[in-house]
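Beneath this line is the structure, given in structure tokens, with notes to follow.
Only the coordinates and a few stated rules stand behind these numbers; no lab work does. Predicted model, so just to flag it, every value in this text is computed and none were measured. Here the Cβ positions follow ideal geometry from the backbone for every residue, glycine too, while neighbour counts run over all protein chains shown.
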Amino acid sequence: MNCYDCAVADTPAAAVASCTTCGAGICLTHAHASSYLLHRPSGMGVATLPRAARRILCATCRDAERSSSG
Ligand SMILES: [Zn+2]
Ligand SMILES: [Zn+2]
């Protein structure tokens, strides 16, 4: 699979990951990794799991999330 953003720019590059949100292939240049904590219902409350999970977004989805959540 090739990086979608690179393909659009007519400079094909191999993808190293795929966007969690849109599923597009993304190269290292266009990949934006972030970590987030998982929550699991526990009794009457919610427990936060001790280890952070990872999600990788393309630039488009990263910007979209930024503008929606501030
Ligand atoms: Zn790329
Ligand atoms: Zn995306």
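What do you get for Rg/Rh of the chain when both radii come from the Cα atoms and Rh is the Kirkwood radius? Working shown, then result.
Working: Rg = 15.4 Å, Rh = 13.5 Å.
Expressed as Rg/Rh, it is 1.14.
The residues packed around LEU37, meaning those with a beta-carbon under 15 Å from its beta-carbon, carry a net charge of +4 if Lys and Arg are +1 and Asp and Glu are -1. By how many degrees, 0 to 90 and rounded to 10, does the Cα axis of helix 59-69 deviate from the longest principal axis of the chain? The two axes meet at around 40 degrees. Full extension of the chain between ALA9 and SER67 yields a length gain of 18.5 nm, computed as 0.36 nm times the residue separation minus the alpha carbon distance.
Spacing of the modelled spin labels on MET1 and VAL16, each 7 Å from Cα toward Cβ, amounts to 1.5 nm.
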